[in-house]
Every structure is written in C-alpha cells, then in structure tokens.
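Down below is the structure, laid out as structure tokens.
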Amino acid sequence: MFAQRLRNFKISFKVLPFEACQLSKGIRQNILAGCGIPASIRFDRIAVSNILDANYVGLRDVLTHWAPLLAESRTSAIVGYFMNWITRQEDGRAAGAGSYVVRNITRRLMDKIKVRKRQTVLFRKNNLRLLKDKNNMQNSGTPSFSNRY
C-alpha cells in the first residue's frame, strides 16, 4: 500500500541537518524556501519519534514548534511516542495504574479485537458471496446480484 501511494502521489523527502526545534523555526521563518520548503507549507502528518520525552525536546516544545505547521484538517496529526516514560515516570508501567484499570483496559482491547475479527469474517463472507454471484452471472449469462449488493 505504501509503495503504491509513493507511485500515485507526489511525495518528496528532504533530509536536513537541523535539530527539530531549529527545523520548525527555519520553516516558519521561510529560511528553507530555497530547499523547496516555504513558510506556507502545512503537513498532514508530522513524525517526531521519541523527542516527546522530557529528556529530549518535551511535549510542550514539540507542540509549540510543530503544531502551527499542521494542515487544518480533522485528520492531521503529530505522531510520536514516549520511549522513556516507564523509566522516568514514577509508576509509569501499566501495572502502576492498579489492577482495576489494567483489567478494564484489557477487557476493552479484547472487545475491540473481537469486533474486528467479526467484521473481518463478515467481510470475507460477503466477498465470497459476491464472487459466487459474479461466477454465476458469468456462467449463466444473466445477472444474479440482488438488491443487497
């Protein structure tokens, strides 16, 4: 899917020797326009890896520097993770939340997995039904699709 999107859409990659906050500042001040990154550029996704951790840039500074560069869309997002959370945060592990919270989260995840499996099974059954109907139509020369499809 990703490779197909690379072929179908205009996508480019730029590698620049800047620290994350300097890079966002350079974009907003139009310093990188010569590299094809004008101040007017907006992004659907900004991947920030683990610089969200407090011992790197931190959540507040990441949002301060990068949020203005997000496209105005419901689906635009800054994507990152807190790699060092469990080593830096007291009770940062799931077990530190208490057994009730862990059981509740586990139950909710299992429910989502069950729903996804059920949806996948239904999707597969419907596709098989469509394939059978398509084969019947080709063999008999008459359409066999009902209003359900």
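Every read-out reported here was derived from the displayed coordinates using simple, explicitly stated rules and does not represent laboratory data. Keep in mind the model is a prediction, meaning the values are calculated, not measured.
For a quick check: with amide H placed at 1.01 Å from N, whose amide H comes under 5 Å from L70's, ignoring anything fewer than 5 positions away on the same chain?
Under 5 Å from the amide H of L70 lie the amide H atoms of F43, each far enough along the sequence or on another chain.
What's the extension gain from A71 to I41 if we count 0.36 nm per residue and subtract their Cα-Cα distance?
10.0 nm is the gain from fully extending A71 to I41.
If amide H atoms are built 1.01 Å from N in the plane of the peptide, which residues on other chains or at least 5 residues away come under 5 Å of the amide H of I46?
It is A77, I78, V79, by chain and number.
Would you mind calculating the relative contact order of the range 1-89 from Cα pairs under 8 angstrom and at least 6 residues apart, reporting the percent as a whole number?
26
Under a 5 Å amide H to amide H cut-off, with H placed in plane at 1.01 Å, what residues pair with N30 once short-range neighbours are removed?
A39
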